[in-house]
Amino acid sequence: MLLGLLLPVTVAQAATQEPAQRIKDLATFAGVRNNQIIGYGLVVGLPGTGDQTTQVPFTLQSIQNMLSRQGLSPSAGNVQLKNVAAVMVTASLPPFAKPGQQIDVTVSSIGNAKSLRGGELLMTPLKGVDGQIYAVAQGSLLVGGLDVSGKDGSRVTVNIPTAGRIPNGALVERSVASTMGGANSVYLDLNTPDFTTAKNMEKAINQMLGGGVAEAVDGGTIRVRAPQDANARVGFMSVLEGIEVSPGEGAAKVVVNARTGTVVIGQNVRIEAAAVSHGDLTVTVKENAQVSQPAPFSQGQTVVTPNSQVSAKEDKKRAFLFNPGVTLNDIVKAVNAVGASPSDLVAILEALKSAGALKAQLIVI
């Protein structure tokens, strides 16, 4: 019965205690992060599916500039090239990446190209937010999308043909400065800030490494005293991220997706004493026009008389009672007892929240 109601409703099962997790899964070291890089480039070799350069002038301008750097003098005319597309190239530079290492890149069209399938990305420098070049991308694209059209105007498009990837398509040319050594402390940033989790993490670190090593700065940051030598610090951080911590229980929340009808109820949701009655009322109005036709040669007139029929039907559903402090399982059983659908469940939860009986955050997305 529970599964019948909760399709597509999803419910988090209650647990008596949160299982222990590694610090590596709960937090990240401050300063150890990815860096976004971006570049503008050209994809060539397309089978007639590139930009229409008469409508996308910057593509033609880029081609002329590229040919000029190759020692050619392109004519400044209205050139129509169908096998070239202007693209933006993006990548994520991982922490501690060194020159010579390879990273994946994503290539996306910014003109009116129909497809990038079969294209080759020309050498494209990738810059960071500081304007410095950190990698250079080049290579053949892998495009999962497909765009095929016929002479009669028919067209079939599968996925996104104007975006693709190049595995190991960029070479790192510059590394990001590391802050592994020199400072007296390292900082752990919790993925989900929580005061209970921060305090438990501080306690677990001090029990493993000695009292006073860790200090909770706030609900999302832990300061840990660490060796200043970079080599010693690597081993210290390896031990640190393997320590297991029991995270604090999450806040009581009910998340409702109004578009899909999905409802997620957290394990700590509680309801105070409340009585709920939920039913459906259907009102039907029918208009039947009646025509009164006079007898022949009676000098009468045809008259149209309106005839309205109004009917009301209400589904009989039982009321149910919530006792104080009921749990998630009790909520689901009670809603199942009246045969409520997911949309009915949303209406019931909103009404309980308005009445002050639902002790949880009601989030509608």
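The values are calculated or read from the model by the stated rules, or taken from the named source; none is laboratory data. Predicted model only: the values in this text are computed from it and were never measured. For neighbour counting, all protein chains shown are included, and Cβ atoms are generated from backbone atoms with ideal geometry for every residue, glycine included. Accessible surface is based on the protein model in full, side chains and every heavy atom, while ligands, DNA and RNA are left aside. Shrake-Rupley method; radii C 1.70, N 1.55, O 1.52, S 1.80 Å.
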Out of the residues in the range 202-244 meeting the condition of being in contact (Cβ under 8 Å) with a residue 40 or more places away in the chain, over 10 Å from L188 (Cβ atoms) and in contact with a Lys or Arg (Cβ under 8 Å, 6 or more places away or on another chain), tell me which one is surrounded by the most Cβ atoms within 10 Å (Cβ to Cβ). A226
Given the criterion β-branched (V, I, T), open to solvent by 50 Å² or more (accessible area, probe 1.4 Å), modelled with pLDDT of 90 or more and in contact with a Leu (Cβ under 9 Å, 6 or more places away or on another chain), identify the matching residue among I133, I103, I110. I133
Pick out the one residue from T16, T10, T90, T54 that is open to solvent by 50 Å² or more (accessible area, probe 1.4 Å) and at pLDDT 95 or above. T90
Name the single residue that is farthest from V32 (Cα to Cα) among those in the range 163-185 being β-branched (V, I, T) and modelled with pLDDT of 90 or more. I166
Being of a type in the set (D, E, K, R) and over 15 Å from T28 (Cα atoms) is the filter here, so list the residues in the range 188-217 that pass it. K199, K203, E215
